[in-house]
Amino acid sequence: MGNLPHALAIATGLVGATVVIHMVGLDLLMRLTRLHLRWFLSVWHDLDRLLVPMGIVTGLFVLHGAEIWLYAFAYKALGLLPTIEAALYYSTVAYSTLGEGGAPLPTDWRILGALEAINGMLMLGWSTAFLFQVLSHLLEPGEAHALPKGAISRTARRERVQQSS
């Protein structure tokens, strides 16, 4: 219990840092994708259908890598793991929610690894949602989506109620 407040404070800071990294990174990916679509479209449409998703996925890997390294440097700086390699491996395993592997964290600091796993799960989910949204938007021509936009929004419900009255 002695290090718990300290571990929770560090975990909170690391989670906040990963959220900022992720938000800035996703914004940068959107800007780079927009730039590519505006200035670098290939004459071969199928090539862009390959390059754009590959670029986005590569960017997401870089983002997650930066977030994993952040935790790894924290583990090493706090003296929780003996080498940067051990810290990086532990961080990758925790972030990906694969499960604890290699050298475990000291008992007083285990909560930090558990919170990294929750953080990683949320960041991976955020990336998945981002990738799905962007690719869905880019691959659907015009308003060709099978489902009407906003069909179950509160505004649409109010409009349907008013129209039926």
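Of the residues GLY13, GLY65, which single one is at pLDDT 95 or above and within 12 Å of the chain's Cα centre (by Cα)? Step through it out loud before you land on a result.
Working: GLY13 fails: within 12 Å of the chain's Cα centre (by Cα).
Sole residue among the options that is at pLDDT 95 or above and within 12 Å of the chain's Cα centre (by Cα): GLY65.
Taking the residues in region 70-79 that are assigned to a helix (DSSP H, G or I) and either in contact with an Asp or Glu (Cβ under 9 Å, 6 or more places away or on another chain) or of a type outside the set (D, E, K, R) (or both) as candidates, determine which candidate is surrounded by the fewest Cβ atoms within 10 Å (Cβ to Cβ). Before you say what the answer is, go through the steps one by one.
As a first pass, look at region 70-79 and keep what is assigned to a helix (DSSP H, G or I): 70-77.
The next check asks that each one be either in contact with an Asp or Glu (Cβ under 9 Å, 6 or more places away or on another chain) or of a type outside the set (D, E, K, R) (or both); those that pass are 70-75, 77.
Values: LEU70: 17, TYR71: 27, ALA72: 23, PHE73: 15, ALA74: 19, TYR75: 25, ALA77: 10.
For region 70-79, the residue satisfying everything is ALA77.
Can you tell me which condition LEU147 does not meet? The list is (1) modelled with pLDDT under 70; (2) within 21 Å of LEU26 (Cα to Cα), and all the others hold.
Tallying (1) modelled with pLDDT under 70; (2) within 21 Å of LEU26 (Cα to Cα), LEU147 fails exactly one: (2).
Which of the residues spanning region 56-78 are closer than 20 Å to PRO106 by Cβ and of a type in the set (Gly, Ala, Ser)?
Those that are closer than 20 Å to PRO106 by Cβ and of a type in the set (Gly, Ala, Ser): ALA72, ALA74, ALA77.
What number of residues in region 90-113 are part of a helix (DSSP H, G or I) and touching a residue at least 12 places away in the same chain (Cβ under 8 Å)? Step through it out loud before you land on a result.
Taking region 90-113 and keeping what is part of a helix (DSSP H, G or I), we get 90-95, 107-113.
Narrowing the set further to residues that are touching a residue at least 12 places away in the same chain (Cβ under 8 Å) leaves 90-92, 94-95, 108-109, 111-113.
Number satisfying all stated conditions: 10.
A quick yes/no check of all residues on (1) surrounded by 16 or more Cβ atoms within 10 Å (Cβ to Cβ); (2) of a type outside the set (Ser, Thr, Tyr); (3) on the phi > 0 side of the Ramachandran plot:
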{"site": "THR12", "(1), (2), (3)": "no, no, no"}
{"site": "ASP48", "(1), (2), (3)": "yes, yes, no"}
{"site": "GLY65", "(1), (2), (3)": "no, yes, no"}
{"site": "ILE68", "(1), (2), (3)": "yes, yes, no"}
{"site": "LEU81", "(1), (2), (3)": "yes, yes, no"}
{"site": "ALA86", "(1), (2), (3)": "yes, yes, no"}
{"site": "ALA114", "(1), (2), (3)": "no, yes, no"}
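List every residue pair whose Cβ atoms sit under 9 Å apart, with the two residues 6 or more apart in sequence or on different chains, where the first one lies in region 39-55 and is within 18 Å of PRO141 (Cβ to Cβ) and the second, anywhere, is at pLDDT below 75 and not in a helix (DSSP H, G or I).
What qualifies is ASP48/LEU41; ASP48/SER42.
Looking at this structure, is THR33 hydroxyl-bearing (Ser, Thr, Tyr) and surrounded by fewer than 14 Cβ atoms within 10 Å (Cβ to Cβ)? Break it down into steps so the answer makes sense when it comes.
On the way: hydroxyl-bearing (Ser, Thr, Tyr): yes; surrounded by fewer than 14 Cβ atoms within 10 Å (Cβ to Cβ): no.
Here the answer is no, as THR33 does not meet what is asked.
Identify all residues within region 122-142 that are closer than 20 Å to VAL24 by Cβ, touching a residue at least 12 places away in the same chain (Cβ under 8 Å) and among the hydrophobic types (A, V, I, L, M, F, W, C); write none if there are none.
Keep residues of region 122-142 that are closer than 20 Å to VAL24 by Cβ, which gives 122-131, 133-134.
If we keep only those that are touching a residue at least 12 places away in the same chain (Cβ under 8 Å) as well, we get 123-124, 126-127, 130-131, 134.
Hits for region 122-142 are MET123, LEU124, TRP126, PHE130, LEU131, VAL134.
The values are calculated or read from the model by the stated rules, or taken from the named source; none is laboratory data. Bear in mind that the values here come from a model prediction, so they are computed numbers and not experimental data. Note that we place each Cβ from the backbone using ideal geometry, even for glycine, and neighbour counts take in every protein chain shown.
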